[in-house]
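Structure first, then comments.
Bear in mind these aren't lab numbers, they're just calculated from the coordinates by the rules spelled out. Note that the coordinates shown come from a computational prediction; the quantities given were computed from them, not determined experimentally. No Cβ is skipped: glycine too gets one built from the backbone with ideal geometry, and neighbour counts run over all protein chains shown.
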Amino acid sequence: MTIRKYLKGDFNGIMNLWMVTGLGRPERGDDEATVERSLDMGGLMLVMCDDSPVQRIVGTSWLTFDGRRLHLHHFGIDPEYQRRGLAKELLKETLRFVKEKGPAQGSRQRITQRNLAVCKGKGIPGQTGSPQIERCGCRIVQECRI
């Protein structure tokens, strides 16, 4: 598996993953322009790709930045690839970015959860709670169903 930053041309593969995991809904505004705008504002989209020649996207971690806090959402692994420790690897890379970003305006960085489908279940929207997040030293400070 390869973990890398979002590239132009990734969005269709990302949306396919989000539909399988229940993370994305186009009617909510989950579109390529929104992703790219969030990246321009200091966010990050990591994609995890399998080792096939087409490098199918099997995981995403999307961090948006509001000027004070980083928000983690659209974090998930394709159900076909779950229970292999991949979410932990993706989370490690996500947290590396959080540490590099550092605190903004003197505030402490926090990761908030919008919608998390990771390892347990099959990406059912609204299914929350993640021992993987907690084992990595983070805590969820807000949960929202969207």
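Here are the numbers:
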item: Amide H within-cut-off set for Ile77, under 5 Å, with H built and near neighbours excluded; result: Cys119
item: Order of Tyr6, Tyr81 - criterion: other Cβ atoms within 10 Å of each residue's Cβ, fewest first; result: Tyr81, Tyr6
